[in-house]
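Chemist: Below is one structure. I have some questions about it.
The values are calculated or read from the model by the stated rules, or taken from the named source; none is laboratory data. Because the structure is a prediction, the values reported are computed rather than measured. Cβ sites come from the backbone with ideal geometry, for glycine too, and all protein chains shown count toward neighbours. Heads up: the accessible areas ignore ligands, DNA and RNA and are worked out on the full protein's heavy atoms, side chains in. Shrake-Rupley method; radii C 1.70, N 1.55, O 1.52, S 1.80 Å.
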Amino acid sequence: MNEQDWLAEQFEKNRSRLRAVAYRMLGSLSDADDAVQESWLRLSRSDPRGIENLTGWLTTVVARVSLNMLRSRKSRREEPQGSHVPDPIVSRADEGLDPEHEALLSDSVGLALLVILDTLAPDERLAFVLHDMFAVSFEDIAPIVGRSPAAARQLASRARRRVQGSTAVPDTDLSRQREVVEAFLVAARAGDFEALLVILDPDVVLRGDQGTLRIRRGARAVTEGALTFSRLAISARVALVNGAPGIVARLPDGQPMAVMGFAVRGGKIVEIDILADPVRLRQLDLTALED
């Protein structure tokens, strides 16, 4: 085996980890794949004899590439109102996550968490993702963001406070979560206003992305939106959305209308994240839901 083949083999062993890092940094599957590809190009142009820890070196490279992409995205103001609903990862609810998705979502990164990560400054996001999700030391993070280890620690600490103060901790019982999401779907289809109010937490937050992020707060406002949704969708089914029960709805022509992620706590829906942008929906891989 020549050196280039050996490098390619080692890179493939690290691909899942690199894609997971990039997805948490960018919230976009296509951008994550671009970052991973760029990390391979940089590795292929490097002398492996100077790399002591290949996994650490690749993690640093893909993090640096993702940080540059994130800074460029923010500077061009590509994301109205500062954030959007990230790309969801959709799987069949009755089959569970496939190995590729399981590797990508190894620490149960729900859509709600990714929405909050989108509100962080790029350096804060990198410090939090690398340290809290991938156990990278602050000594290794510091050169990526151009700061001291102590300053990198502060970046992660600020991000952690923001995340903990903004995201609900969902129930761990997936079967119970699915029961609640299925009850939501049945009530929405039936136009049952009162049943929806029972399922929704009084302070439920709904975030809907149709090019810009729209937010509804409170059970009554979210119920009204759910009834509008039920009138438009011709079909809907429960699926796994980022590893938790969610809903995929389709229009009469079979095209996807929305992907909905849910956070369920104490048997109530506390957060709903909806991707409904037709352009972005067409880019999703929903083949796993085909019968």
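Chemist: Give, as residue ranges, the helices (runs of 4 or more DSSP H) completely inside the range 123-192 that count at least 3 residues that are out of contact with any helix residue (DSSP H, G or I) (no Cβ under 8 Å at 6 or more places or on another chain).
Modeler: The helices (runs of 4 or more DSSP H) meeting that bar are 149-166, 174-190.
Chemist: Taking Arg237 as the residue in question, decide whether it is under 20 Å from Ala195 (Cα atoms), in a strand (DSSP E or B) and of a type in the set (D, E, K, R).
Modeler: Values: under 20 Å from Ala195 (Cα atoms): yes; in a strand (DSSP E or B): yes; of a type in the set (D, E, K, R): yes.
Yes.
Chemist: Which of the residues belonging to the range 107-126 are at pLDDT below 85 and among the polar types (S, T, N, Q)?
Modeler: Within the range 107-126, just Ser108 meets the criteria.
Chemist: State the number of residues belonging to the range 9-39 that are farther than 21 Å from Asn242 by Cα, modelled with pLDDT under 95 and open to solvent by 40 Å² or more (accessible area, probe 1.4 Å).
Modeler: Residues that pass the stated criteria total 3.
Chemist: Checking Asp87 against (1) under 22 Å from Trp40 (Cβ atoms); (2) modelled with pLDDT under 95; (3) surrounded by fewer than 20 Cβ atoms within 10 Å (Cβ to Cβ); (4) in contact with a Gly (Cβ under 9 Å, 6 or more places away or on another chain), which test does it fail?
Modeler: For Asp87, the exception is condition (3).
Chemist: Moving to a separate point now. Confirm whether Arg207 is among the charged types (D, E, K, R), within 30 Å of Ala22 (Cα to Cα) and in a strand (DSSP E or B).
Modeler: Spelling it out, Arg207 is indeed among the charged types (D, E, K, R), within 30 Å of Ala22 (Cα to Cα) and in a strand (DSSP E or B).
Chemist: A follow-up question, please. Those residues that are without any contact (Cβ under 8 Å) to a residue 24 or more places away in the chain and loosely packed, with under 14 Cβ neighbours inside 10 Å, I need them from the range 156-178; list them, please.
Modeler: Matches in the range 156-178: Arg161, Gln164, Gly165, Thr172, Asp173, Ser175.
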